[in-house]
Amino acid sequence: MELTLDRVYQAAHILKPVVKKTDLVHAVRIDTDCDLYLKAENLQNTGSFKIRGAYFKISTLTDEEKARGVAACSAGNHAQGVALAATKAGTKSTIFLPAGAPISKVEATRGYGAEVKMIDGVYDDAYAACMQFQKDTGAVLIHPFNDPDVIAGQGTIGIEICDQLGDADAVVVPIGGGGLISGVAYVTKMLNPKCKVYGVQAEGAPSMVRAFHDKKLEAIDSVNTFADGIAVKCPGDVTYDMVNRYVDDVVAVSDEETAAAILTLMEKEKVVAEGAGAVSVAAVLFHKVPVKGKKVVCVVSGGNIDVNILSRVINRGLVKTGRKSTLTIELMDKPGQLVEVARAIASTGANVTKVDHNNTAQSMEINGCYLTVELETRNFEQIEEIRQTLTKKGFKLIDRR
């Protein structure tokens, strides 16, 4: 079925009782070279945009199809959307998740009424198991992205963006399999043709980046990113075609850049985003897309971050933005050295949070030691000031940056 604007508006009408029209947050506190807005799908029911496509797709099923039940595979967010939509429709749902899916997403999916099956591997492995189950049982597959009705549901975000900010110059959208950006790009280009649309993936899962730039649909061998919601080895043929037609460019960001974006969203705008949801903001913060001086909407697609990794993500973000640093100094092991180092660092206004004294390393002088200090800093400029201050006072820095 060819996606049409009428189909997306039909989806918007059906979704109105169950889906929030999420806020468009003017992110004035985030320091960027553009006028930044956040489409806060992290505040959507189930914590991500996925409820839109799942609910609309299930609403189109016949009574006979609903009686057979539905099946889906997901890293977690689509699973929750399908589970909730199926429960509301009175049909059974069986959800296949990769074994590495965050526990919080697994339990939430069960909480919405689904039977959950955990599969070793990543999304694509769960998909294979789901397809076999669908073949064996006759359950209706609710694909997470490669389905025109799912794409139509996700496209309702594009309608909202165009209603909320009709003169946007660019929309930046996370990409896993491509369902979200397909719907948003299609609607945006129909309603605001001059608006650019950029897609963002994780460097560790660049399937659409490669497909878009190589001009051929291809799978990558493996994925490696904490942004589990977009860890997809191969886009769909439907989404690949739509991205080629309606998207201006597809770029990638590192996990460290994504972590920095999560930290920035939390600190500056009090917005909690998961890795997949923050890649759009990371692309803007680290100048991966040409939006200087433009009015830009970043879709924050989800907020279901695993609290068990949140501290590690924050730590990565602090390091990436120069808010945290570690220096190792080679010293003579004698009284007063630590005091002198502390005074030098204090003179720059930095804060020492941890000190490690090591006098057993084989590489040092017999009467020497290594002093490793962890610091809270303002930025990279202050880190360089600390390094120069210590060097001027005669301390030898061991470069482990």
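The values are calculated or read from the model by the stated rules, or taken from the named source; none is laboratory data. The structure displayed is predicted, hence computed values, not measured ones. Note that each Cβ is placed from the backbone with ideal geometry, even for glycine, and that neighbours are counted across all protein chains shown. Accessible surface areas use protein heavy atoms only, side chains included; no ligands, DNA or RNA. Shrake-Rupley method; radii C 1.70, N 1.55, O 1.52, S 1.80 Å.
Data for the structure
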| item | result |
| --- | --- |
| Straight-distance crosslink candidates among aspartates and glutamates, where the alpha carbon sits under 14 Å from K215 and sequence neighbours closer than 8 are dropped | D237, D241, D248, D249 |
| Residue of V19, V253, V171 that the Gaussian network model of the chain assigns the largest fluctuation, springs spanning Cα pairs under 10 Å | V19 |
| Per-residue HN-Hα couplings for segment 336-346 [Karplus 6.51, -1.76, 1.60; θ = phi - 60°; Hz; x = Gly/Pro] | x, 5, 4, 4, 5, 4, 4, 5, 4, 5, 4 |
| Within segment 1-139: Cβ-based charge dipole about Cα centre, in debye rounded to nearest 20 (Lys, Arg +1; Asp, Glu -1) | 500 debye |
| Calculated from backbone phi, Karplus (6.51, -1.76, 1.60) coupling profile of segment 372-382 in Hz, x at Gly/Pro | 9, 10, 9, 10, 8, 10, 7, 6, 5, 4, 5 |
| Spin-label pair N351/D399, simplified geometry with 7 Å Cα→Cβ offset, distance in nm | 3.0 nm |
| The chain - mean residue ellipticity at 222 nm from DSSP helices (-39,500 (n - 2.57) per run, n ≥ 4, rounded to 500) | -13500 deg cm²/dmol |
| Between segment 339-401 and segment 38-88, the alpha-carbon center distance in angstrom | 52 Å |
| Listed residues Q134, Q44, Q388, most fluctuating in the chain (Gaussian network, C-alpha, under 10 Å) | Q388 |
| Residue with peak Gaussian network fluctuation, the chain [Cα springs, cutoff 10 Å], from T156, T391, T94 | T391 |
| Added length on full extension, which subtracts the Cα-Cα distance from 0.36 nm per residue, V307 to V339 | 7.7 nm |
| FRET efficiency, H287 to T60 (Cβ-Cβ, R0 45 Å, nearest 0.05) | 0.65 |
| Accessible-area order (highest first, 1.4 angstrom probe) of the listed residues F380, F56, F133 | F380, F133, F56 |
| Carbon/sulfur fraction of accessible area - segment 1-84, other protein chains in place, 1.4 Å, % | 50 percent |
| Per residue value of the accessible surface for segment 51-202 (all protein chains in place, 1.4 Å probe), Å² | 32 Å² |
| In degrees, nearest ten, helix 5-15 long axis to first principal axis of the chain (Cα) | 80 degrees |
| Percent carbon-and-sulfur accessible area, segment 193-323, ignoring ligands, DNA and RNA, probe 1.4 Å | 49 percent |
| Sequence-distant aspartates and glutamates (8 or more away, or on other chains) whose Cα lies within less than 19 Å of K392 | E330, E340, E381, E384 |
| Largest-first ordering by accessible area, 1.4 Å probe, given options D228, D241 | D241, D228 |
| Mean projected area in nm² (Cα convex hull; one quarter of hull surface) for the chain | 21.9 nm² |
| Length gained when the stretch Q164-K88 is fully extended (0.36 nm per residue, less Cα-Cα span) | 24.5 nm |
| Full-extension gain in nm, L191 to K215, via 0.36 nm per residue minus C-alpha separation | 6.0 nm |
| Ranking by accessible area, most exposed first, for H26, H213 with a 1.4 Å probe | H213, H26 |
| Order by protection proxy (mean Cβ within 10 Å, highest first), peptides 32-38, 353-359 | 32-38, 353-359 |
| Cα-Cα over 24 Å, subset of K16/K88; K50/K270; K194/K294; K92/K233; K270/K320; K92/K135 | K92/K233 |
| Coil-residue trypsin sites (Lys or Arg not before Pro) of segment 237-271, DSSP, other Cβ within 10 Å capped at 13 | K270 |
| Order by protection proxy (mean Cβ within 10 Å, highest first), peptides 367-379, 72-84, 298-310 | 72-84, 298-310, 367-379 |
| Karplus-derived 3J(HN,Hα), 6.51/-1.76/1.60, for each residue of segment 153-164, Hz, glycine and proline x | x, 5, x, 4, 5, x, 4, 5, 4, 5, 5, 7 |
| C-alpha long axis of helix 255-269 to longest principal axis of the chain, angle in ° | 90 degrees |
| K268-H26 pseudo-label distance in nm [points 7 Å out on the Cα-to-Cβ vector] | 1.6 nm |
| Cα-based helix-to-principal-axis angle, 275-285 vs the chain, degrees rounded to 10 | 60 degrees |
| Built amide H within the under 5 Å cut-off of S93, gap 5+ | V70, E115 |
| Rg and Dmax of segment 107-205, Cα atoms only, in Å | 16.7, 49 |
| Relative contact order (percent, whole number), the chain, Cα cutoff 8 Å, 6+ residue spacing | 16 percent |
